[in-house]
1. Suppose we filter Gly58, Gly14, Gly87, Gly28 for residues that are closer than 30 Å to Gly169 by Cα and more than 20 Å from the chain's Cα centre (by Cα); which single one remains?
2. Name the residue that is farthest from Leu156 (Cα to Cα), counting only residues in the range 78-91 that are aliphatic (A, V, I, L, M) and surrounded by 14 or more Cβ atoms within 10 Å (Cβ to Cβ).
3. Phe112: modelled with pLDDT of 90 or more, over 30 Å from Lys177 (Cα atoms), under 26 Å from the mean Cα position of the chain (by Cα) and surrounded by fewer than 17 Cβ atoms within 10 Å (Cβ to Cβ), yes or no?
4. Among the residues that make up the range 146-159, is at least one of them of a type in the set (A, V, I, L, M, F, W, C) and within 18 Å of Leu90 (Cα to Cα)?
5. Would it be correct to say that His94 is touching a residue at least 12 places away in the same chain (Cβ under 8 Å) and open to solvent by 90 Å² or more (accessible area, probe 1.4 Å)?
6. Only residues in the range 41-70 that are over 17 Å from Gln135 (Cα atoms) and assigned to a loop (DSSP other than H, G, I, E, B) count as the first member; pair them with residues that are open to solvent by less than 90 Å² (accessible area, probe 1.4 Å) and not hydroxyl-bearing (Ser, Thr, Tyr), Cβ under 8 angstrom, at least 6 apart or cross-chain, and list the lot.
7. Condition first: surrounded by fewer than 14 Cβ atoms within 10 Å (Cβ to Cβ) and over 19 Å from Asp59 (Cα atoms). Now tell me which residues in the range 127-145 satisfy that.
8. Going through Ser174, Ser157 one at a time, which residue ends up being open to solvent by less than 70 Å² (accessible area, probe 1.4 Å), under 23 Å from the mean Cα position of the chain (by Cα), closer than 22 Å to Ala30 by Cα and at pLDDT below 90?
Amino acid sequence: MGIALAEDDVATRGPVRRALDLLYLGAGYAAGVFLVAIFAIMMVMSVGRQFALNIPAGDDFASWCMAAMAFLGLAHTFKRGEMIRVGLLLERLHGQTKQIAEVVALGVASAFILYFTRHAVQMTYDSWRFNDVAQGVVALPLWIPQLGFAGGLVILSIALIDEMVNVIGGNRPSYEKGSPDETPEEFVERISQGGGG
């Protein structure tokens, strides 16, 4: 009975894990697409001046793309260990004490991000409900550009809860790079080669 239950758990966890990883990766790719869109808008606006070509509300579109890029990239950056973290205390802890401290840190981060996410989603919903439109040249419904902001926060909330469940399960955090026995010289070498801290 216990073995069958464990096999069922692995069978159900596999697709969920793959789906979550695809969600984070997809959000990272979407952030990259918005980055390319910012580049394209800025280049067309810069070069277009020479040929009297203008993008109506180009600055607005670039700023909306920037917000979407920043927030959609958060979960992927977090899960890959590339987000800046202050781990001065956590780096000095070991064993179960470190695991408890990681869970507490992830719990506090999850609480703050969930609070922020709730209000971002509410703001986006209110913009849709009241049919708010941008005040610039192009009267775009505001909920459209706000989707990247709210969606990025929702995905980050999922990533934080996912990571907290992972650490509670006794696993090493996915954002932690390097081995636990890494020397300071090895750490500096890894960082200099582009590895996250």
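1. When all the criteria are applied, what remains is Gly14.
2. Checking each candidate, the answer is Leu90.
3. No.
4. Checking the range 146-159: not a single residue is of a type in the set (A, V, I, L, M, F, W, C) and within 18 Å of Leu90 (Cα to Cα).
5. yes
6. Hits for this filter: Leu53/Val44; Leu53/Val47; Asn54/Met45; Asn54/Gly48.
7. The answer is Arg129, Phe130, Asn131.
8. Exactly one residue qualifies, and that residue is Ser174.
The values are calculated or read from the model by the stated rules, or taken from the named source; none is laboratory data. On a predicted model such as this, the values are computed, not experimentally measured, just so you know. Cβ atoms come from the backbone with ideal geometry, glycine included; neighbour counts cover every protein chain shown. Note: areas computed on protein heavy atoms with side chains; ligands, DNA, RNA excluded. Shrake-Rupley method; radii C 1.70, N 1.55, O 1.52, S 1.80 Å.
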